[in-house]
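S.K.: My structure is below; once you've seen it, I'll send some questions.
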Amino acid sequence: TTELPPRMRALRTGDVIPFRGDLLRLEIRPGGVRFSLTIGAQEVIATVAAGSDESEADEVIRSLFRRTFQQVTERVVAEYVARHVPSVGESPSRVFVREQKTRWGSCAPDGTLR
């Protein structure tokens, strides 16, 4: 039988998560008082709140991944933009990252770079 990829089934310990060019092993640890996500050099540790079922845990872990990846992306893009401001001659007022479906980037009249 062919196994579904992680994006189509509940995440579980041992899944491989691509992150900034590396492949990190996911470890899910039950028993925390709340959900948390810690990204290390070789692994991602998701602590799951005690008493949560697999469906709830999967939903919260995916939400934590999205939020964490968005924060990291904002920081990386802001650093990249800051490095290139001198050659462009303009500086955005703000760098904002969203989960876009179609448009990959734009700059608003107020200087916001999305």
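S.K.: Select, from Ser52, Ser63, Ser87, the only residue that is over 20 Å from the mean Cα position of the chain (by Cα), hydroxyl-bearing (Ser, Thr, Tyr) and within 29 Å of Ala10 (Cα to Cα).
M.R.: Answer to the selection: Ser52.
S.K.: In region 46-69, is there at least one residue being charged (D, E, K, R), within 30 Å of Leu113 (Cα to Cα), touching a strand residue (DSSP E or B) at 6+ places or on another chain (Cβ under 9 Å) and open to solvent by 100 Å² or more (accessible area, probe 1.4 Å)?
M.R.: yes
S.K.: Pick from Arg75, Arg29, Arg25, Arg83: which is in contact with an Asp or Glu (Cβ under 9 Å, 6 or more places away or on another chain), outside any loop (DSSP other than H, G, I, E, B) and loosely packed, with under 15 Cβ neighbours inside 10 Å?
M.R.: On the way: Arg75 fails: in contact with an Asp or Glu (Cβ under 9 Å, 6 or more places away or on another chain); Arg29 fails: in contact with an Asp or Glu (Cβ under 9 Å, 6 or more places away or on another chain); Arg83 fails: in contact with an Asp or Glu (Cβ under 9 Å, 6 or more places away or on another chain).
Answer to the selection: Arg25.
S.K.: Could you please find all residues in region 94-108 being open to solvent by less than 100 Å² (accessible area, probe 1.4 Å), over 17 Å from Phe69 (Cβ atoms) and in a loop (DSSP other than H, G, I, E, B)?
M.R.: Within region 94-108, Ser106, Ala108 meet the criteria.
S.K.: I've got another one for you. Any residue at all in region 1-22 that's in contact with a Ser or Thr (Cβ under 8 Å, 6 or more places away or on another chain) and not in a helix (DSSP H, G or I)?
M.R.: yes
S.K.: Only residues in region 16-43 that are closer than 18 Å to Phe69 by Cβ and hydrophobic (A, V, I, L, M, F, W, C) count as the first member; pair them with residues that are part of a strand (DSSP E or B) and open to solvent by 90 Å² or more (accessible area, probe 1.4 Å), Cβ under 9 angstrom, at least 6 apart or cross-chain, and list the lot.
M.R.: Val16/Leu23; Val16/Arg25; Ile17/Leu23; Ile17/Arg25
S.K.: While we're looking at this one, here's another question. Could you list all residues from region 32-61 that are outside any strand (DSSP E or B), touching a Lys or Arg at 6+ places or on another chain (Cβ under 9 Å) and under 24 Å from Val76 (Cβ atoms)?
M.R.: Within region 32-61, just Gln42 meets the criteria.
S.K.: Given (1) closer than 14 Å to Val60 by Cα; (2) of a type outside the set (S, T, N, Q); (3) touching a Ser or Thr at 6+ places or on another chain (Cβ under 7 Å), identify the lone condition not met by Pro30.
M.R.: Condition (3) is where Pro30 drops out.
S.K.: Still on this structure, I have one more. Would you confirm, using the coordinates I've provided, whether Leu37 is open to solvent by 90 Å² or more (accessible area, probe 1.4 Å) and modelled with pLDDT of 90 or more?
M.R.: No; evaluated as a whole, the condition is false for this residue.
The values are calculated or read from the model by the stated rules, or taken from the named source; none is laboratory data. Quick caveat, the model's predicted, so the values are computed rather than measured. No Cβ is skipped: glycine too gets one built from the backbone with ideal geometry, and neighbour counts run over all protein chains shown. Areas reflect the complete protein model, heavy atoms only, side chains present, ligands, DNA and RNA absent. Shrake-Rupley method; radii C 1.70, N 1.55, O 1.52, S 1.80 Å.
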